[in-house]
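Input: a single structure, listed below in structure tokens.
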Amino acid sequence: MSTVVLQLSANAIRQAADALRAGQLVAFPTETVYGLGARADQSGPVRSIFAAKGRPPGNPLIVHVPDREAALSLAADWPPMADALARAFWPGPLTLVVTRAPGKVADEATASGPTVGVRVPAHPAALDLLREAGVPVAAPSANRSTTISPTTAAHVMKTLGGIVNVVLDAGPTGFGIESTIIDVTRSPARLLRHGAIALAEIARFGEVIDATQVSVDPSARAEAPGMHEKHYAPRARALLVPAEHLRAKVNELQAQGEKVGVIDRATERPSSESNGPPSWITLPADAEGYASNLYAALHALDDSGCDVIVIAEVPSAPAWAAIRDRLRRATAR
Ligand code: TXA
Ligand code: MG
């Protein structure tokens, strides 16, 4: 099968929406990462998402809708916390896990669970596409399971070219890190995944427990089933090292004959490296800028054939929580 890549235009939106309605797979930009979309109200298209990604069927999908009313229609219960967060952050990089209304989305989309994850993305192309399609759209990140999430159409093509029917190309995404996931079916609400919106922002609207910490009870069911350790992983082996040991680590690995890629932060780069090799990528010093470029850096170093990617540790401040989470998973072995 050949994949059709459409540059963003009104016509492209119509074509992509037609493809979604016809049950095809459409990769589209959101403000976080590219999503692999299929209509969420039919089993067949949803199953084809799992097949395309190689995703275990027990890991539910996020359902994308164009506005709060459409999200409400998928929920059996809409607690005050859900409404407060939806009004504050939608459209935007927030996923709400709510009790699922019967018969609205295919069982496969929720892994047959009692809840559904819903979100209204902020990307104008995504909103146009969702409005034009007129159906809820299930969309995980548009990459094969356990590989790095895509922030460009080219990243999507790397693992899903020839598998997805249509890619809607609107250039690089903005935030670069996935949505924050909050389970509002319980009180207090629970943070299931760190993401583009910091926990402190969410907590302004009500009590939230950070449920992303490793459970002390090993038999406890994973809260967000997709949050297994190895995730967002490049093909190359990846290591996190304290910034002050970066140079020494790179030298040591190079001495062993390894092809080394490096990711550091602007403030930590020695001035002598300002014209460094292409395998040395310096990301912005601030969390927002860093997040928006991190996946592209991992993709680029992987593509350049590095054996190992050495990444300088990032600050421990709360604003860096989602980035620390992704780096931990990228370096998990
Ligand atoms: O930014 C994002 O959220 C991107 C864009 C495309 O919207 N999507 C994304 O989807 O990151 P995915 O499939 O890569 O991650 C979805 C996460 C998984 O960890 C899954 O377990 C969790 O959301 N999830 C989805 N529905 C859930 C539910 N009903 N209960 C608990 N966790 C849920
Ligand atoms: Mg993903």
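Across the range 134-150, the qualifying residues are those that are away from ligand 1 (no atom under 11 Å from the Cβ) and buried (at least 23 other Cβ atoms within 10 Å of the Cβ), and the one among them that is farthest from Thr173 (Cα to Cα) is Pro136. The set of residues in the range 58-93 that are in contact with a strand residue (DSSP E or B) (Cβ under 9 Å, 6 or more places away or on another chain) and surrounded by fewer than 14 Cβ atoms within 10 Å (Cβ to Cβ) contains only Asp77. Among the residues of the range 99-119, those identified as within 8 Å of ligand 1 (Cβ to nearest atom) and either without any contact (Cβ under 8 Å) to a residue 12 or more places away in the chain or β-branched (Val, Ile, Thr) (or both) are Thr110, Thr115, Val116. Going by the conditions given, is Gly44 at pLDDT 95 or above and more than 18 Å from Thr185 (Cα to Cα)? Answer is yes for this residue.
Among the residues of the range 44-57, those that are within 10 Å of ligand 1 (Cβ to nearest atom) and in contact with a strand residue (DSSP E or B) (Cβ under 9 Å, 6 or more places away or on another chain) comprise Ile49, Lys53.
Residue-by-condition table, conditions (1) outside any helix (DSSP H, G or I); (2) surrounded by 22 or more Cβ atoms within 10 Å (Cβ to Cβ); (3) among the polar types (S, T, N, Q); (4) over 22 Å from the mean Cα position of the chain (by Cα):
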{"position": "Leu36", "(1), (2), (3), (4)": "yes, yes, no, no"}
{"position": "Ala51", "(1), (2), (3), (4)": "no, no, no, no"}
{"position": "Pro56", "(1), (2), (3), (4)": "yes, no, no, no"}
{"position": "Thr95", "(1), (2), (3), (4)": "yes, yes, yes, no"}
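Is it true that some residue in the range 42-64 is away from ligand 2 (no atom under 15 Å from the Cβ), touching a residue at least 60 places away in the same chain (Cβ under 8 Å) and closer than 26 Å to Met81 by Cα? Within the range 42-64 (the criterion being away from ligand 2 (no atom under 15 Å from the Cβ), touching a residue at least 60 places away in the same chain (Cβ under 8 Å) and closer than 26 Å to Met81 by Cα), the answer is no, since none of the residues qualifies. Of the residues making up the range 132-183, just one is without any contact (Cβ under 8 Å) to a residue 24 or more places away in the chain and within 13 Å of ligand 2 (Cβ to nearest atom), namely Thr159. If you go through the range 90-131 and pick out every residue that is polar (S, T, N, Q) and within 16 Å of ligand 2 (Cβ to nearest atom), you end up with 1.
Kindly establish whether Thr95 is over 30 Å from Gln7 (Cβ atoms), in contact (Cβ under 8 Å) with a residue 40 or more places away in the chain and within 11 Å of ligand 1 (Cβ to nearest atom). No. Output the residues belonging to the range 19-34 that are assigned to a loop (DSSP other than H, G, I, E, B) and either of a type in the set (Asp, Glu) or buried (at least 24 other Cβ atoms within 10 Å of the Cβ) (or both). Scanning the range 19-34 gives Leu25, Pro29, Thr30, Glu31, Thr32, Val33, Tyr34. Would you confirm whether or not the range 298-308 contains a residue that is among the acidic types (Asp, Glu) and touching a Lys or Arg at 6+ places or on another chain (Cβ under 6 Å)? Scanning the range 298-308, I find at least one residue that is among the acidic types (Asp, Glu) and touching a Lys or Arg at 6+ places or on another chain (Cβ under 6 Å), so the answer is yes. Kindly check whether there is at least one residue in the range 261-270 that is surrounded by 14 or more Cβ atoms within 10 Å (Cβ to Cβ), modelled with pLDDT under 95 and in contact with a Leu (Cβ under 9 Å, 6 or more places away or on another chain). Scanning the range 261-270, I find at least one residue that is surrounded by 14 or more Cβ atoms within 10 Å (Cβ to Cβ), modelled with pLDDT under 95 and in contact with a Leu (Cβ under 9 Å, 6 or more places away or on another chain), so the answer is yes. Of the strands (runs of 3 or more DSSP E) entirely within the range 157-223, none holds at least 3 residues that are among the polar types (S, T, N, Q), modelled with pLDDT under 95 and more than 16 Å from the chain's Cα centre (by Cα). Selection within the range 104-121: residues that are part of a loop (DSSP other than H, G, I, E, B) and of a type in the set (A, V, I, L, M, F, W, C). The member of this set that is surrounded by the fewest Cβ atoms within 10 Å (Cβ to Cβ) is Ala111.
For the range 65-90, filtering for residues that are assigned to a loop (DSSP other than H, G, I, E, B), in contact (Cβ under 8 Å) with a residue 60 or more places away in the chain and within 13 Å of ligand 1 (Cβ to nearest atom) leaves 2.
The values are calculated or read from the model by the stated rules, or taken from the named source; none is laboratory data. Owing to the predicted nature of the structure, the values given are computational and were not obtained by experimental measurement. For neighbour counting, all protein chains shown are included, and Cβ atoms are generated from backbone atoms with ideal geometry for every residue, glycine included.
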